[in-house]
Amino acid sequence: MDIDAMAPKERQRHQELGLCFYCHKQGHLFRQCPERDKKRKENPKRRQPRITQSKALYIPLTVRGVHKDIDIEALIDSSVMATYIRPRLVIKLRLSTTPLARPIPVFNVDDTPNKKGTITHSVAL
């Protein structure tokens, strides 16, 4: 049961009597509920990782909370091929720059061009 869907009086009664918010029995809390674990084992969620057209990798995860679980996808970003620095930081640190022979286009995760434009200079650190 979703604790947020429970009426305030019913929630208070569960707390006072030490009842589980899932099976409504005494002796354990929601996160240790044997009924909840049993249901999970009977109906395991077999979500698969997915890769988008822009080569982004998403891994399915379940975040287990005290009162409910939340299924999410975590973005794994492993496509970085260089290190970049903000132009404002270059100016602030008074770093010397060298113009690139050809600008490097910058794309967002969804393959759209970045609004800040291209990379035009390099910095030796």
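Among the residues here, residue 108 does not qualify as polar (S, T, N, Q) and touching a Phe, Trp or Tyr at 6+ places or on another chain (Cβ under 7 Å). Does residue 60 fit the bill of being in contact with a Lys or Arg (Cβ under 6 Å, 6 or more places away or on another chain) and surrounded by 10 or more Cβ atoms within 10 Å (Cβ to Cβ)? For residue 60, the condition - in contact with a Lys or Arg (Cβ under 6 Å, 6 or more places away or on another chain) and surrounded by 10 or more Cβ atoms within 10 Å (Cβ to Cβ) - is met. Among the conditions (1) farther than 30 Å from residue 20 by Cβ; (2) at pLDDT 75 or above; (3) surrounded by 10 or more Cβ atoms within 10 Å (Cβ to Cβ), residue 98 misses just one, which is (3). Within the range 112-125, track down each residue that is at pLDDT 80 or above and either surrounded by fewer than 12 Cβ atoms within 10 Å (Cβ to Cβ) or under 24 Å from residue 56 (Cβ atoms) (or both). Hits for the range 112-125 are 112, 113, 114, 115, 116, 117, 118, 119, 124. Of a type outside the set (Gly, Ala, Ser), surrounded by 12 or more Cβ atoms within 10 Å (Cβ to Cβ) and either more than 30 Å from residue 122 (Cα to Cα) or at pLDDT 75 or above (or both), is that true of residue 107? Spelling it out, it is not the case that residue 107 is of a type outside the set (Gly, Ala, Ser), surrounded by 12 or more Cβ atoms within 10 Å (Cβ to Cβ) and either more than 30 Å from residue 122 (Cα to Cα) or at pLDDT 75 or above (or both).
For the range 86-106, check the following and say yes or no: at least one residue is in contact with a Pro (Cβ under 8 Å, 6 or more places away or on another chain) and not assigned by TED's automatic domain parsing to the domain that holds residue 36.
Yes - at least one qualifying residue is present in the range 86-106.
The values are calculated or read from the model by the stated rules, or taken from the named source; none is laboratory data. Since the structure is predicted, the reported quantities are computational estimates derived from the model, not experimental observations. Neighbour counts run over all protein chains shown; Cβ positions are idealised from the backbone, glycine included.
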